[in-house]
Every structure is written in structure tokens, then in C-alpha cells.
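So the structure is just underneath, and the comments pick up after that.
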């Protein structure tokens, strides 16, 4: 369950941010729990209590009594590492957002595509303990790392070759490389392989256990060979 908190002390804005957030999550087919707050102090107090942690907070920066930066500092001080997406009509506090490790700083009126990008990053992070969550052709998929045989870059998309199927999603292979655990190796500018799924290698290609042939760049051949021998 993806747990989301939304906070804004202006009723119309709170209603709009909540509606946009729910639209993004419903469109992606994500199971979620959302709680709205109209007081940033009560929000910070609620999120700092022991219990099931929230995954992401979408909050206005400006509020009476305490601003979003101060609330985020309070949460960070007690070790709360939920993702924070700031929204504001002004860029005044944008640099301060970095001090509290904000995920994004969005300008009002909110662009739903920018909000979607931020929420999807947060959701993928929350699901990355054992795998990665992606969207493909309007559907949402949870892919476990062990099921990935290899990944191939296709222009602006990545094709996940799994044990029983292929799933193509819109993302950069360089971003995927940062997400995958140590058991994966980028053997070519367009390919990342699961080392457990490599049957054998020769100059300059890898044969996967599925029978697929994956190219290996000349510069990375020796490194891949060493990685395989160390397993």
C-alpha cells in the first residue's frame, strides 16, 4: 500500500492537489492510502508519530505558523525519510528544498505531468527492495529483480526481458542502471544483463540461459569476465 500525505492550508488548493494526486495514482493502477491535512503543524505531528510510515508528502511550502521547510526539518530531525514534494506559487524556497532532500519542487498551478513524474519516482523507490515498478501500455507492473534476464535500451524506452515475457516501459537505461542491484552489469551501451542468467561469454557476446545473444562492448569484455569469475 502506497501511503500519501497531502497538505495545504488553503481549502481550494488542498482539494485540487488531492484530486490531482488521486488521479495520477488511479491512472497508474496503484493501491494507495491518502490523508489530507489543512494545518502543516498537525501534519508534521501526525507524520512523526510511531506507526505505519508514509511514503511521500505533497505539501505547500507557505503556511501560517510553520512553513513546509520547517515542517520537513522537523521530520528529518527525527529520522523520517519519506519523499517530500513541495508545491508553491513562488520559487523563493526552492534552494531550501535541497537542504531537506526534497524530491521535487513544483510551481503552482501544478502541471499534472510533473506531479505524475515525481509520484512515480517515489512509488518506484518504495517498491525497489526486491524489484521495480513500471508502467507499460497503460498497465502497471511490479517486476522482481530475479526475474529480469536482461534489459535493452530502445530509443527512449527500456525492454525488460523476463523469464516468460517482455515488458517495454518509458525510461532511460542510464536511470535503470542506478536502480538495479549489484548482480546486474551494463555490458553494452544498450544492454544490462543479470549475471545469474549468463550461460557463457565469448568475444564479444554473452549467451543467456534463455538462449538470447547479447553484445558486449570491447571495452567492457574483461570487466564482465572478471565479474562472472568472482561469482
- Note on the structure: Mean separation of Cα contacts under 8 Å (at least 6 apart) over the residue count of the chain, i.e. the relative contact order in percent, is 12 percent
- Query: Nearest 0.05, what FRET efficiency do residue 217 and residue 137 give at R0 = 22 Å with Cβ-Cβ as r?
  - Reply: 0.10
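For the residues 222, 190, what sequence is obtained by ranking on other C-beta atoms within 10 Å, fewest first?
Least crowded to most crowded, the residues run 222, 190.
When the helices in the chain are scored as -39500 (n - 2.57) per DSSP H run of 4 or longer and the sum is shared across all residues, what 222 nm value do you end up with, to the nearest 500 deg cm²/dmol?
Calculated from helices alone, the mean residue ellipticity at 222 nm is -9000 deg cm²/dmol.
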- With each pseudo-label sitting 7 Å past Cα toward Cβ, what's the residue 107-residue 39 distance in nm, one decimal? 3.3 nm
- Could you put 37, 86 in order, starting from the residue whose Cβ has the fewest other Cβ atoms within 10 Å? 37, 86
- Message: Can you tell me the length gained on complete extension of the stretch residue 177 to residue 147, counting 0.36 nm per residue apart and subtracting the Cα distance?
- Response: 9.2 nm
- Message: Run the simple label-point estimate for residue 49 and residue 230 please: 7 Å along Cα→C-beta, distance reported in nm.
- Response: 4.8 nm
- Query: How long is the gain from residue 207 to residue 154 if the chain were fully straight, where each residue apart is worth 0.36 nm and the alpha carbon distance is subtracted?
  - Reply: 17.1 nm
- Contour excess over end-to-end distance, with Cα ends at residue 89 and residue 22 and 0.36 nm allotted per residue: 22.0 nm
- Note on the structure: Restricted to the chain, the DSSP antiparallel beta bridge percent, nearest 5, is 60 percent
- When 103, 228 are ranked with the fewest other C-beta atoms within 10 Å first, the list becomes 228, 103
- Estimated inter-spin distance, residue 11 and residue 73, nm [label 7 Å along Cα→Cβ]: 3.2 nm
- Enter the per residue convex hull volume of the chain, computed from alpha-carbon coordinates, in Å³ rounded to the nearest integer. 145 Å³
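Since every read-out is calculated from the coordinates, none of them should be taken as a lab result. Because the structure is a prediction, the values reported are computed rather than measured. For neighbour counting, all protein chains shown are included, and Cβ atoms are generated from backbone atoms with ideal geometry for every residue, glycine included.
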